[in-house]
Amino acid sequence: MKCESVLRNVIETECEDYFLGTVDLSQVDNAMVEKYGSLIAEYPRAISIGITLPYLIPDELSMAKKQPYDVTNCQLKSITSSLSSLLEENGYRALSMPKAREMDDGPDISFHEVVAHLADMGKIEKNLLVAPEVGSKVNWGTVLTNAPI
């Protein structure tokens, strides 16, 4: 399986403007990752997928105007599920971890943003992952796997 091109083909069936990165979590020293120690032992690598939110979204989204997040959450669920199925069809174990439907209310950074940061897709600033091209206007999903990516 030519991993990156196959992953990109799956993602591009759902969206055009996305980020894709991989990371070996077993080699990472990070408090958030360490909280998931037994899960990481079983699935030591991660695929991080980010979908760029539409550019016309105001900077301050209220909970009543979260429709763009709902749309990208649905896309992430479909993508992460498809990628997990594809990996499993090729003999690997995979766990789809799309972003939860509800937006986080807390000040802490999410597991998805930590994984994306570890995959070099942005840097963490003020408990947000900031991608160089679009800032924080990205919704992230993660697939954990034992595949050699």
| request: With the condition kept exactly as written, say whether any residue in region 26-37 is outside any loop (DSSP other than H, G, I, E, B), modelled with pLDDT of 90 or more, surrounded by 18 or more Cβ atoms within 10 Å (Cβ to Cβ) and not charged (D, E, K, R). | output: no
| remark: Reported set for region 1-25 where residues are of a type outside the set (Asp, Glu), part of a loop (DSSP other than H, G, I, E, B) and loosely packed, with under 12 Cβ neighbours inside 10 Å is Lys2, Thr13
| field | region 53-68, subset touching a helix residue (DSSP H, G or I) at 6+ places or on another chain (Cβ under 8 Å) and under 23 Å from Asp120 (Cα atoms), residue modelled with the lowest pLDDT | value | Pro54
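Listed here are the residues, each with its yes/no results for (1) in contact with a strand residue (DSSP E or B) (Cβ under 6 Å, 6 or more places away or on another chain); (2) modelled with pLDDT under 95; (3) within 13 Å of Ile49 (Cβ to Cβ); (4) of a type in the set (Val, Ile, Thr).
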residue: Asp70; (1), (2), (3), (4): no, yes, no, no
residue: Ser96; (1), (2), (3), (4): yes, yes, yes, no
residue: Asp108; (1), (2), (3), (4): no, yes, no, no
residue: Leu118; (1), (2), (3), (4): yes, yes, no, no
residue: Ser136; (1), (2), (3), (4): yes, yes, no, no
| message | Of all residues being part of a loop (DSSP other than H, G, I, E, B) and of a type in the set (Val, Ile, Thr) in region 109-149, which is surrounded by the fewest Cβ atoms within 10 Å (Cβ to Cβ)? Just the residue, please. | response | Val134
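The values are calculated or read from the model by the stated rules, or taken from the named source; none is laboratory data. In this text, all values refer to a predicted model and were calculated from it rather than measured experimentally. Methodologically, a virtual Cβ is constructed for each residue, glycine included, from the backbone with ideal geometry; neighbour enumeration extends over all protein chains shown.
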